[in-house]
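Worksheet: one structure, shown below.
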Amino acid sequence: MGGMVTVVTHPLVQHKLSVMRDVQTGVKEFRELAGELSLLLAYEAMRDLETVQETVQTPITQAQFPMLSGKKLALVAILRAGLIMTDAIVQLVPAAKVGHIGLYRDPQTLQPVAYYNKLPTDIAERRVFLTDPMLATGGSAVAAIERLKEAGATSIKLMCILAAPEGIAVIEREHPDVEIVVAAVDTHLNDHGYIVPGLGDAGDRIYGTK
Ligand code: URA
């Protein structure tokens, strides 16, 4: 039994993603689109945030209106490409705390190792939105989710721009409690671990390192 996967099929999301896929799209536009897409994904990922009715004095009268309540939020970026997503989303939810997890692959074991792990101290009490633009093999996401759970997190959503079915299957198997919100699920991974048709290396395209 897998967890829940939400594919955000909204035309604005799909259009922006298609432009990001285009090899002709340069760093500036790619970065802007990644930020915009992240806001639209967050809108969907945060659809189930709780609200309570609170009294507000408008210029006309006093009445009850919904305000956010419930658990506070944490945005956690998987370095480095996840930064583009948390930097955008924090504009929508300025009260959220932001954590960072840096991972590298051990050349011997091929397992992801956390070289950096800085999370809000009260992460156990927060709803966590974990960001990584590309869910490929799922190795980094699984390692990051393990770090989050070790720190006490119990409510985690994984937000990605693009996923491979292989990566989704790994999350569903290892962490079926983690919901995935993604703009599209492509066909497969190639022999080099790239998503096909994909958009290339997201980190390199965001930071111009290629
Ligand atoms: N990471 C990327 O940036 N791109 C892929 O296609 C797969 C993993």
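The values are calculated or read from the model by the stated rules, or taken from the named source; none is laboratory data. Just so we're clear, the structure is a prediction, and the values are computed from it rather than from any experiment. Methodologically, a virtual Cβ is constructed for each residue, glycine included, from the backbone with ideal geometry; neighbour enumeration extends over all protein chains shown. These area figures cover heavy atoms from the full protein model, side chains too; ligands, DNA and RNA do not enter into them. Shrake-Rupley method; radii C 1.70, N 1.55, O 1.52, S 1.80 Å.
Here are some notes:
- For the stretch 1-93, the solvent-accessible area works out to 60 Å² per residue, with a probe of 1.4 Å and every protein chain left in place.
- Put simply, when 181-191, 53-63, 129-139 are sorted by average Cβ atoms within 10 angstrom per residue, most first, you get 129-139, 181-191, 53-63.
- Sequence of K71, K157, K210 when ordered by accessible area, the most exposed leading, probe 1.4 angstrom: K210, K71, K157
- Straight-line cross-link partners of K97 among the lysines, defined as a Cα under 30 Å from its Cα and at least 8 positions apart when in the same chain: K16, K28, K71, K72, K118, K149, K157.
- Taking each residue as 0.36 nm, the span from V19 to F65 lengthens on full extension beyond its C-alpha to C-alpha distance by 12.7 nm.
- Accessible surface of the stretch 2-64 [probe 1.4 Å, protein heavy atoms]: carbon and sulfur percent: 55
- Of the DSSP H helices in the chain, those with a Cα length along their own long axis of 24 Å or more and a mean Kyte-Doolittle hydropathy reaching 0.0 comprise 27-45.
- In the full protein context, the stretch 108-165 carries 40 Å² of accessible surface per residue, based on a 1.4 Å probe and ignoring ligands, DNA and RNA.
- Long-range HN-HN contacts of L130 with modeled amide H, under 5 Å: V76, K157, L158, M159
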